[in-house]
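In what follows, a single structure is set out as structure tokens and then discussed.
The values are calculated or read from the model by the stated rules, or taken from the named source; none is laboratory data. Everything numeric in this text was worked out from a predicted model, so none of it was measured. Every residue, glycine as well, gets a Cβ built from its backbone with ideal geometry; the counts of neighbours run over all protein chains shown. For accessibility, only protein heavy atoms count, side chains too; no ligands or nucleic acids. Shrake-Rupley method; radii C 1.70, N 1.55, O 1.52, S 1.80 Å.
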Amino acid sequence: MILLRHGWFYLSCLAAFTAGHMVNYSVIIYAQEVIGSDLLSGIGFGLCFGPPIVLGWYAGALCDRLAPGRLILAAQAVFIVAALLLWFADRNVAEVSSRVPLLVVAAALTGVGWSFVAPARMAALGQIASAEELKPASVIFNLLVMFGFGLGPLLIALMRRNFGWPGVFLGAVLLLSLASAMLLGVRTRRSERVHQPVLVEIREGLDAVFAKPLLLQLMVAAMAGYLAMGPMTVLLPKLAATRLALTELQRGYFLGTLALSLIVGGVAALIASHRVRHGRAIFIATLLAGVCLAALGAARDAGIAVALLCGVGVAGGLALSLIVAGIQVNAADAMRGRVVSMYTIISQVVPAASGVAAGALVQAFGVSVALLTCGTTLVVAMSLNALWMTALRRHRG
């Protein structure tokens, strides 16, 4: 069984992604609730996921040169530094406004960590999984990514309730340390090929993507799919606190609902991968996620909001799981690091940009208009994609 054969790697992924998203959500929620700035929360989220637009290309080249395991350990050390900076600011800087510079630096360091840890883990999976295992192994990997994304805010709520913000930050440090320890037994290898200059190798990776229409269209579909992730991260805490008037623990459970629905979507992708045409499923699921996200802005009842949030999560989890599996299977071994780095750049930069936009929208027009705008944008973008993506429409998986 894949889970048993690669158990330590998957456990390390779960711990690391959960801790990483604890840091992301901490930056957002701390900026909103302690510093009192919605705009800063959007900027902070942008810094958490913005650096990969520059560093991600270099990370991809390194993944095809060095042992990915070493890159993962180095990136997780950067996350630990970011969490400790947040802990220091909260514990030792009395004036709230004076904590802003340290918050910004921690967010930027988190962005540096994501630039390397995400492509390195995907490249490592390509090394430890056999060719027959790669598609289901990739779906399981993406399940853990989504689980960490949803579990992060729930752990923040639980830790804050019992230990305050210092407990949140130190909890992230502990999880990252465990993730690094569990990775020590996972063997990855460096490339033995002759290396070209970095820019030449980056160009080779781009040429490999553009040479395969399906691979290119999967990347563009990922761009559309990830339009929902930034707004959900920035706007859901605001929706829960203002429109739905939930308590702190209820907000944690509300945001944690996203984890369960994303997992259900990923499991659905795993079960249905041999029964549905992957291309059509990606289009339909992404459109459904956009409709539910737009409708979430009008929700005033917690039950309806939870149902719509589940709709976004299940549909998004299904679509993104099929996309990431398709990218892994269609990436050549020699180019894998550079190809998957492009996907991870998309998965980080698109949520960052849409998160910043969502922060500005909620500051100017409120959470309802922001959610409606973001959901409608996703529906329009994927509808336009469906008109020209012939290779993806025919993609069976």
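Scanning the range 200-254 for residues that are β-branched (V, I, T), open to solvent by 60 Å² or more (accessible area, probe 1.4 Å) and over 25 Å from D333 (Cα atoms) yields T242, T247.
Selection of the range 304-325 for residues being more than 17 Å from V145 (Cβ to Cβ), open to solvent by 20 Å² or more (accessible area, probe 1.4 Å) and not small (G, A, S) yields I304, V306, L308, C310.
Can you spot a residue in the range 156-175 that is under 19 Å from G316 (Cα atoms) and either in contact (Cβ under 8 Å) with a residue 40 or more places away in the chain or in a helix (DSSP H, G or I) (or both)?
no
Against the list (1) in a helix (DSSP H, G or I); (2) over 19 Å from Q348 (Cα atoms), the condition V104 fails is (2).
Taking the conditions exactly as written (surrounded by fewer than 20 Cβ atoms within 10 Å (Cβ to Cβ), among the hydrophobic types (A, V, I, L, M, F, W, C) and in contact (Cβ under 8 Å) with a residue 24 or more places away in the chain), does A295 satisfy them or not? Considered against the rule, which asks whether it is surrounded by fewer than 20 Cβ atoms within 10 Å (Cβ to Cβ), among the hydrophobic types (A, V, I, L, M, F, W, C) and in contact (Cβ under 8 Å) with a residue 24 or more places away in the chain, A295 comes out as yes. Consider A228 carefully, then state whether it is modelled with pLDDT of 85 or more, of a type in the set (A, V, I, L, M, F, W, C) and either within 26 Å of I346 (Cβ to Cβ) or touching a Leu at 6+ places or on another chain (Cβ under 6 Å) (or both). Criteria not met by A228.
Checking A358, A364 one by one, the residue that is out of contact with any strand residue (DSSP E or B) (no Cβ under 7 Å at 6 or more places or on another chain), open to solvent by 20 Å² or more (accessible area, probe 1.4 Å) and small (G, A, S) is A364 and no other. I'd like the residue in the range 52-102 that is among the aromatic types (F, W, Y) and closer than 20 Å to F163 by Cα and, out of all such residues, is surrounded by the fewest Cβ atoms within 10 Å (Cβ to Cβ). It comes out as F88. Residues that are at pLDDT below 85, open to solvent by 30 Å² or more (accessible area, probe 1.4 Å) and either within 15 Å of A75 (Cβ to Cβ) or not aromatic (F, W, Y) (or both) within the range 146-183 comprise L151, L154, listed in sequence order.
Close contacts from the range 326-348, counting a first residue that is under 20 Å from A269 (Cα atoms) and open to solvent by 10 Å² or more (accessible area, probe 1.4 Å) and a second that is at pLDDT 90 or above and not aliphatic (A, V, I, L, M), with Cβ to Cβ under 7 Å and a gap of 6+ residues or different chains, come to N330/K212.
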